[in-house]
Amino acid sequence: MKKNFCLDVLIFISGLICIVTGICLDFHIFPRGDMEIFRLMRKIHTYSGYIMAVGLIFHIAWHGNWIKSAAKQIFKK
């Protein structure tokens, strides 16, 4: 249970960071003249997305048996 909770927290935090930085980049929250902040935000956005994707892969792998049994029940009907 502890590994699931830690993984869920990691996915949530990285997803939240990815959403916030994506909104900031899309709506140009920071002035365009400051390219250093723009590059930093883009790197944070990219790597938080990578972390979230890896976390989701682990999450799906750890819950594979549940996914299989749920799919069997759904497709039986």
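Yes/no matrix, rows are residues, columns are (1) in contact with a Leu (Cβ under 6 Å, 6 or more places away or on another chain); (2) open to solvent by less than 100 Å² (accessible area, probe 1.4 Å); (3) more than 27 Å from LEU7 (Cα to Cα):
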{"residue": "TYR50", "(1), (2), (3)": "no, no, no"}
{"residue": "ALA61", "(1), (2), (3)": "no, yes, no"}
{"residue": "ALA71", "(1), (2), (3)": "no, yes, no"}
{"residue": "PHE75", "(1), (2), (3)": "no, no, yes"}
query: In segment 9-41, which residues are over 10 Å from the mean Cα position of the chain (by Cα), surrounded by fewer than 14 Cβ atoms within 10 Å (Cβ to Cβ) and either within 13 Å of LEU56 (Cα to Cα) or modelled with pLDDT of 95 or more (or both)?
result: VAL9, ILE23
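The values are calculated or read from the model by the stated rules, or taken from the named source; none is laboratory data. This one's a predicted model, so the numbers in the text were calculated from it and none came from an experiment. Cβ atoms come from the backbone with ideal geometry, glycine included; neighbour counts cover every protein chain shown. Note: accessible area is taken over every heavy atom of the protein model, side chains too, but ligands, DNA and RNA are not part of it. Shrake-Rupley method; radii C 1.70, N 1.55, O 1.52, S 1.80 Å.
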